[in-house]
Each structure stands twice: as structure tokens, then as C-alpha cells.
1. Please report the carbon-and-sulfur percent of the accessible area for the chain; probe 1.4 Å, protein heavy atoms only, DNA, RNA and ligands left out.
2. Quick one: compute a quarter of the convex hull surface over the Cα atoms of the chain and quote it in nm².
3. Using the basic label-point model (7 angstrom from Cα toward the beta carbon), what is the A64 to I109 distance in nanometres?
4. Quick one: accessible area per residue over the chain, 1.4 Å probe, rounded to a whole number of Å²?
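The values are calculated or read from the model by the stated rules, or taken from the named source; none is laboratory data. Everything quoted here is computed from the prediction, not taken from an experiment. Virtual Cβ from ideal backbone geometry, glycine too; neighbours counted across all protein chains shown. Surface accessibility is based on the protein's heavy atoms, side chains included, excluding ligands, DNA and RNA. Shrake-Rupley method; radii C 1.70, N 1.55, O 1.52, S 1.80 Å.
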Amino acid sequence: KDFVAFSGRSYENDNTIPPYLTERRYVLTRLQRNQFIHCAVLGALNFIGVIWMNESLQPGGALADIVRVGFLFHFTKDILLPVLSFYSYLFWALVAGRFLVVVILNKAIVQRNKMRSEFADTLQQQSSS
């Protein structure tokens, strides 16, 4: 009647289920907290920099004077800015999309773990009676 998992822990008269029956939840990232903060700050600075560059290249902006150097202006406005904008939006879209998927998957995992726990409790009650 007494079940012992590989860890040596006994689960008889215990309301928890063995660890191998518990599905682990997904995480957003495996980065450490400070690494994730660095990435988020760099993403935010990139996003702010793209907005600043776009505003600065408008007539009357801080970088509007580079119009005198036609190639540099067109390269910056027509090639560099769209690439940086795409990268900036994609960075945040991927983070938001992954966060949404992880939340949905984790909600299902919590429900499955709850069902397993209830099933284990039912089996435990039936075996003890």
C-alpha cells in the first residue's frame, strides 16, 4: 500500500501526487532575471530610438540637416529606419505572443494537474476503504 517514489519520499496519507504525475508549467524564458531585464531595456531603447529617429528625420527635426547628404538621408529614411522599426516591433510581438501562448498552455496544465490530483485522491480514498 505504501508507494515510494525514486526520491524515497512516501506518498501514503499524503494529499499531494508523486512528482512524475505533475506536469511542469512552461516559463516565458530561461534567462536569469537580470539577463531578461537587460534584453527588455535594450528592446525598449531600440523602440524609443526608432521613434526618435523617425521624428528627427521629419522636416524641422534634429536630423533634417542630413538632407544635404542625399544618399545618407535616403539610406537612413528608406532602408535603415524600416529595418529597425520591423526589428523593434517584431521583438515585442514575439515576447507578447510567447507570453500569451505560455499563459494559455499553463492554464491547461494547471487544470490537468488538478484533475490528476483529484483522481489520485479518489483512488486513495477507494483503496483505504
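1. Of all accessible area on the chain, carbon and sulfur atoms account for 65 percent.
2. Numbers: hull surface 46.8 nm².
With the hull built on Cα positions only, its mean projection is 11.7 nm².
3. With each label placed 7 Å out from Cα toward Cβ, I get 5.3 nm.
4. On the way: 10260 Å² over 129 residues.
Accessible surface, normalised per residue, equals 80 Å².
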